[in-house]
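Where a number appears in this text, it was derived from the coordinates with a stated rule and is not lab data. Keep in mind that what you see is a predicted model, and the values were worked out from it rather than measured. FYI the Cβ positions are ideal-geometry reconstructions off the backbone, even for glycines, and counts take in every protein chain you see.
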Amino acid sequence: MKRTLPFIAIVALFAGCASMSPSGPSAVADLAPTTGNTAKGTVTFTQKGDKVIVHAMVSGLAAGTHGFHIHEKGDCSSGDGISAGGHFNPLGKPHSYPTVEDRHAGDMPMLAADSAGNAVLDGELDVITIGAGATDIVGKAVIVHKDGDDFKTQPTGNSGARVACGVIRKS
């Protein structure tokens with residue numbers, strides 16, 4: 001038994017390394033508050049095969065749900081975030097839930113802020129890519145909205161004002 005324990009540990013180590021799939025390109029957006037708001041945070045995107053893993057950490061929000069989208073222009077220069085344009089929609093699809101196949105490329109799950117105003121989101125998205133093709137998100141913007149997304153109202157989801165904006169850059 002004493003001799004088999006080191007062997008088992010080595011096999012487990014190599015099995016664990018073999019099961020980790022290499023990550024592809026990654027990108028990040030540093031969210032800054034729009035005028036009069038306090039929301040800020042970081043959103044990271046990592047390509048993993050035909051999916052993109054998204055991880056968001058946002059603070060300074062009102063408790064509750066908030067629309068969360070990729071927008072078409074990488075421009076957060078206006079105080080209200082309008083310079084980021086509309087939802088990223090290179091394939092001309094309707095706005096919908098991020099689990100529906102026929103949707104904007106920029107549709108993402110809502111953020112849910114706790115009573116302290118903090119939200120964490122971990123998800124997996126399809127449709128978008130990092131660094132290549134029509135659905136490449138590098139150079140676009142991430143917007144956090146004041147209100148929740150109804151996932152029905154076209155083309156915005158009736159999510160209200162833009163409370164944070166960040167340009168997506170390759171990392």
Which whole-Hz ³J(HN,Hα) couplings does region 144-151 yield from phi under the Karplus relation 6.51 cos²θ - 1.76 cosθ + 1.60, θ = phi - 60°, glycine and proline marked x?
-> 10, 9, 5, 10, x, 9, 7, 6
Using a Förster distance of 45 Å, how high is the FRET efficiency between Ser23 and Thr153, based on the Cβ-Cβ distance and rounded to 0.05?
-> 0.80
Residue-count net charge about Ala141 - beta-carbon cut-off 12 Å; Lys, Arg +1, Asp, Glu -1 | +1
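Would you mind counting up the charge near Gly117? Only other residues with Cβ under 14 Å from its Cβ, with Lys and Arg at +1 and Asp and Glu at -1. Each step should come with its number before you reach the end.
On the way: positive: Lys40, Lys146; negative: Asp114.
Surrounding charge for Gly117 is +1.
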If you average the sequence gap of Cα pairs under 8 Å that are 6 or more apart and divide by the length of the chain, what percent do you get for the contact order?
-> 28 percent
How large is ³J(HN,Hα) for each residue in region 106-123, as worked out from phi by the Karplus curve 6.51 cos²θ - 1.76 cosθ + 1.60 (θ = phi - 60°), to whole Hz, x for Gly and Pro?
-> x, 6, 10, x, 6, 7, 10, 8, 7, 5, 8, x, 9, 9, 10, 9, 10, x
Please list, or write none, the lysines whose alpha carbon is within less than 27 Å of the alpha carbon of Lys170, excluding same-chain residues fewer than 8 places away.
-> Lys40, Lys48, Lys51, Lys73, Lys93, Lys140, Lys146
Computed [θ] at 222 nm, deg cm²/dmol, the chain (DSSP H ≥ 4; -39,500 (n - 2.57); rounded to nearest 500) = -3000 deg cm²/dmol
Cα-based helix-to-principal-axis angle, 4-19 vs the chain, degrees rounded to 10 | 30 degrees
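What is the packing order of peptides 148-161, 66-79, taking the mean over residues of other C-beta atoms within 10 Å and listing the highest first? The partial results should precede the final answer.
Numbers: 148-161: 16.1, 66-79: 21.0.
Order by mean packing, descending: 66-79, 148-161.
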